[in-house]
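Have a look at the structure below before the remarks.
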Amino acid sequence: MIKVIITGSKGRMGQALVACAKNFRELEVTGQVDKGDDLGAVIDQGDVVIDFSAHTVTPEVAALCAGHGKALVIGTTGHTDTGRFDISKAVAKIPVVWASNFSTGVNTLFWLTRKAAEILGPAYDLEIVEMHHRLKRDAPSGTAKTLAEILADARKLQLDKAARHGRVGITGERTPGEIGIHSLRGGDVVGDHTVIFANAGERLELTHRASSRDTFANGALRAALWVVQQKPGLYSMQDVLGLK
Ligand code: NAD
């Protein structure tokens, strides 16, 4: 039996994790931690921590896991460069799955996006459109950022130079090296992502739509079961699913 502690347990994702964990016979939720609770007081009751709290909280969660030798699954998004650096430093000695999106469908979208970029080549203009619920705090979504990283890598572009976040005013013609990234917000949309490959005469669109947070929760729980058996290191959901 793998013992799991969930941080951010009262949030939208936290509640989905607690509910979905009941369907996994191999694991047991031994700790639920939210704002005001002390993770340090319960961390030794778990083998692995799943963090879906907030990007500002993840560095301290990572440091505690590293200090107590606990595996970690990171689901939070919106980290600053400093936050990412702090997390990476803290987790050097434990196994960690860090993914902007835990859904199997989205991880398949990641794989397809790389393949399509490689097959279609530089003549195709690249645009990413994402939509999320009105309460989401960060933009673009972590998933859209991962998609942009995959496209930049496949095209050998430097993402900070290639990324074009929205367009307004007299922008001039589109340049071939751009990766457009656009965030829509509204209602209760769980998460939609479309990657557009556009050339003169045709357009290919790859779209994923999540309709329930259970898809992320089930993926994160699967990652928790997998990560406890790994050597220290940083892993992605592609590693968990064997898509690499
Ligand atoms: P939410 O606001 O509904 O939940 C966050 C919870 O964290 C809240 O209950 C809040 O009280 C709690 N929290 C705040 N500070 C805390 C602390 N110091 N210790 C413990 N808990 C604390 O948000 P959400 O929609 O559940 O999303 C949470 C995070 O997960 C966001 O960063 C979101 O972007 C990300 N997310 C990732 C995926 C993925 O697949 N990787 C999917 C969905 C959401």
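The values are calculated or read from the model by the stated rules, or taken from the named source; none is laboratory data. Owing to the predicted nature of the structure, the values given are computational and were not obtained by experimental measurement. Positions of Cβ are backbone-derived with ideal geometry, glycine not excepted, and every protein chain shown enters the neighbour counts. Side chains are part of the model used for accessible areas, which takes the heavy atoms of the whole protein and leaves out ligands, DNA and RNA. Shrake-Rupley method; radii C 1.70, N 1.55, O 1.52, S 1.80 Å.
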Prolate/oblate/rounded call for region 1-149, Cα gyration tensor, a/c under 1.5 rounded: prolate
Rg to Rh quotient for region 85-244, alpha carbon positions, Kirkwood Rh: 0.99
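Counting other Cβ atoms within 10 Å, keep those with at most 10, restrict to DSSP loop, and tell me which GluC sites (Glu not before Pro) in region 1-94 are left.
Values: sites: Glu26, Glu28, Glu60; in loops: Glu26.
Filter output for region 1-94: Glu26.
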Summed side-chain charge close to Thr171 - residues other than Thr171 whose Cβ falls under 14 Å, Lys, Arg +1, Asp, Glu -1: -1
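Which whole-number percent is the relative contact order of region 36-83 (Cα, under 8 Å, 6+ apart)?
Working: 48 pairs, mean separation 21.0, N = 48.
Computed value for region 36-83: 44 percent relative contact order.
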Förster-model FRET efficiency, 22 Å R0, Asp81 and Ile119, C-beta, rounded to 0.05: 0.10
Summed side-chain charge close to Ile5 - residues other than Ile5 whose Cβ falls under 10 Å, Lys, Arg +1, Asp, Glu -1: -1
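How high is the relative contact order of the chain, given as a whole-number percent (alpha carbon pairs under 8 Å, six or more residues apart)? Intermediate values should be presented prior to the final figure.
Working: 478 pairs, mean separation 56.7, N = 244.
Relative contact order of the chain: 23 percent.
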For the chain, calculated [θ]222 nm from helices alone, where every DSSP H run of n ≥ 4 adds -39500 (n - 2.57): -10500 deg cm²/dmol
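Taking 0.36 nm per residue of separation and subtracting the Cα-Cα distance, what length does fully extending Arg12 through Leu159 add? Intermediate values should be presented prior to the final figure.
Working: separation 147, 0.36 × 147 = 52.92 nm, distance 3.08 nm.
Taking Arg12 through Leu159 to full extension adds about 49.8 nm, to one decimal.
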Region 222-242-region 69-109 distance, computed between alpha-carbon centres (Å): 11
Full-extension gain in nm, Lys231 to Arg167, via 0.36 nm per residue minus C-alpha separation: 18.6 nm
Percent carbon-and-sulfur accessible area, region 127-175, ignoring ligands, DNA and RNA, probe 1.4 Å: 52
Residue-normalised accessible area of the chain, expressed per residue, 1.4 Å probe, Å²: 51
Viscosity 0.890 mPa s, 25 °C: Kirkwood-radius Stokes-Einstein D of region 1-76 over Cα pairs, µm²/s: 204
